[in-house]
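Engineer: I have a structure I would like to understand better, so I am pasting it below and will then ask my questions one at a time.
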Amino acid sequence: MHDASTRHLALALLEQGLTLSQASRETGVSRSTLRAWRSDPRATERGTGCHLCASVPLDAPAYAALLGYYLGDGCLSRAQRYWALRVSCDAKLPGIIDDVARLITAVRPTGRVFRIRAPGVVVVQSHWQHWTCLFPQHGPGRKHQRPIVLEDWQRAIVEEQPGPFLRGLFHSDGCRARNWARRTVAGVPKRYDYPRWQFTNVSTDIRELCCWALDMAEVPWRQSNATTISVSRREAVARLDELIGPKR
């Protein structure tokens, strides 16, 4: 299987007048494959299942959530013939593991999903040549060491589906905790307990995307420290609970 860039290069060389043998030497693609591409340039693209390369419909809510998981605890790794999408999940949260697996299947129905166990972690993994098409934020180094900017088509999806996007972010790099405070009322000290959602990420760009989605979902937030976004007001926590569900 060859990626879209190789296919497009080969077709361009053939259009420039190179023979099948010459194009094969330039690209490493067999003459029979080049002949098939030349006969029907869109034939191989239709078989990729890729939203961008073949205009295949994309499950927008599932993709928005998977994008959130990818930005939180996901990565892409290069193998010889494919890219591996990996999302690391806490082994004590089976609901999150199942959610990621379902999302990957919804985004790429014909692919296989693997669950790789390590101490304290389950890595949900899927292999495909086109994961970099769907997650163009991939690049060398850690996410906080490079710009993370959504493409226009990704922003359009998140604008339509901020709730699923927030679910992916908060269920990967977020937590729901109970905070408490002491106050004196009429001379009597009282303790107040209240829930709070927090999202922690070292990347400024990813935190800003989280705040952008919270604004679209009309969930008030504040920045607690240099790396943490908090949702603390009672009505805001209830709204976020409704949007993303429990983390378990």
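Engineer: Suppose the filter is in contact with a His (Cβ under 8 Å, 6 or more places away or on another chain) and surrounded by 14 or more Cβ atoms within 10 Å (Cβ to Cβ); does Leu169 pass it?
Structural biologist: Numbers: in contact with a His (Cβ under 8 Å, 6 or more places away or on another chain): no; surrounded by 14 or more Cβ atoms within 10 Å (Cβ to Cβ): yes.
When the stated conditions are applied, Leu169 does not pass them.
Engineer: Show the residue pairs that are 6+ apart or on different chains and have beta-carbon atoms under 6 Å apart, the first residue being within segment 170-195 and touching a residue at least 12 places away in the same chain (Cβ under 8 Å), the second being among the aromatic types (Phe, Trp, Tyr) and part of a helix (DSSP H, G or I).
Structural biologist: What qualifies is Ser172/Tyr69.
Engineer: Separate question: Could you go through segment 56-64 and let me know if any residue there is surrounded by fewer than 22 Cβ atoms within 10 Å (Cβ to Cβ) and over 23 Å from Leu209 (Cα atoms).
Structural biologist: For segment 56-64, residues surrounded by fewer than 22 Cβ atoms within 10 Å (Cβ to Cβ) and over 23 Å from Leu209 (Cα atoms): present.
Engineer: Only residues that are surrounded by 14 or more Cβ atoms within 10 Å (Cβ to Cβ) and either closer than 30 Å to Val237 by Cβ or β-branched (Val, Ile, Thr) (or both): list them for segment 136-158, please.
Structural biologist: Of everything in segment 136-158, those that are surrounded by 14 or more Cβ atoms within 10 Å (Cβ to Cβ) and either closer than 30 Å to Val237 by Cβ or β-branched (Val, Ile, Thr) (or both) turn out to be Gln137, Lys143, His144, Ile148, Leu150, Gln154, Ile157, Val158.
Engineer: Go through segment 79-110 residue by residue and tally those that are touching a strand residue (DSSP E or B) at 6+ places or on another chain (Cβ under 8 Å) and closer than 16 Å to His127 by Cβ. Walk me through how you get there before you give the answer.
Structural biologist: In the first step, residues of segment 79-110 are kept if they are touching a strand residue (DSSP E or B) at 6+ places or on another chain (Cβ under 8 Å); the result is 79, 82-91, 96-97, 100-101, 104, 108.
From what's left, closer than 16 Å to His127 by Cβ: 79, 82-87, 100-101, 104, 108.
Summing the residues that are touching a strand residue (DSSP E or B) at 6+ places or on another chain (Cβ under 8 Å) and closer than 16 Å to His127 by Cβ in segment 79-110 gives 11.
Engineer: If you don't mind, there's one more thing I want to ask. Can Gln125 be described as part of a loop (DSSP other than H, G, I, E, B) and in contact (Cβ under 8 Å) with a residue 40 or more places away in the chain?
Structural biologist: no
Engineer: Let me ask something else. Scan segment 5-48 for residues that are modelled with pLDDT under 75 and among the acidic types (Asp, Glu) and report the count.
Structural biologist: Adding up the residues that qualify gives 2.
Engineer: Among the numbered criteria (1) of a type in the set (Val, Ile, Thr); (2) surrounded by fewer than 16 Cβ atoms within 10 Å (Cβ to Cβ); (3) farther than 29 Å from Trp153 by Cβ, which one does Thr110 miss?
Structural biologist: If we test Thr110 against (1) of a type in the set (Val, Ile, Thr); (2) surrounded by fewer than 16 Cβ atoms within 10 Å (Cβ to Cβ); (3) farther than 29 Å from Trp153 by Cβ, just (3) comes out false.
Engineer: State yes or no: is His138 more than 12 Å from the chain's Cα centre (by Cα) and outside any helix (DSSP H, G or I)?
Structural biologist: Judged against the criteria, His138 is not a match.
Engineer: Determine which member of the set Ala79, Ala91 is hydrophobic (A, V, I, L, M, F, W, C), modelled with pLDDT under 95 and surrounded by fewer than 17 Cβ atoms within 10 Å (Cβ to Cβ).
Structural biologist: Ala79
Engineer: Filter segment 113-122 down to residues that are in a strand (DSSP E or B) and not small (Gly, Ala, Ser) and give me whichever is surrounded by the most Cβ atoms within 10 Å (Cβ to Cβ). Please lay out each step first, then the result.
Structural biologist: Narrowing segment 113-122 to residues in a strand (DSSP E or B): 114-118, 121-122.
Checking the rest, the ones that are also not small (Gly, Ala, Ser) come to 114-117, 121-122.
Numbers: Phe114: 13, Arg115: 13, Ile116: 11, Arg117: 9, Val121: 14, Val122: 21.
Among those that are in a strand (DSSP E or B) and not small (Gly, Ala, Ser), it is Val122.
Engineer: From the list Arg176, Arg182, which one is in contact with a Leu (Cβ under 9 Å, 6 or more places away or on another chain) and in the same structural domain as Ala238 (by TED's automatic domain parsing)?
Structural biologist: Exactly one residue qualifies, and that residue is Arg176.
Residues checked against (1) modelled with pLDDT of 95 or more; (2) over 22 Å from Ser88 (Cβ atoms):
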{"residue": "Pro164", "(1), (2)": "yes, no"}
{"residue": "Gly168", "(1), (2)": "yes, no"}
{"residue": "Ala177", "(1), (2)": "no, no"}
{"residue": "Ala181", "(1), (2)": "no, yes"}
{"residue": "Ala186", "(1), (2)": "no, yes"}
{"residue": "Lys190", "(1), (2)": "no, yes"}
{"residue": "Tyr194", "(1), (2)": "no, yes"}
{"residue": "Asn201", "(1), (2)": "yes, no"}
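The values are calculated or read from the model by the stated rules, or taken from the named source; none is laboratory data. Since the structure is predicted, the reported quantities are computational estimates derived from the model, not experimental observations. Cβ: placed from backbone, ideal geometry, glycine included. Neighbour counts: every protein chain shown.
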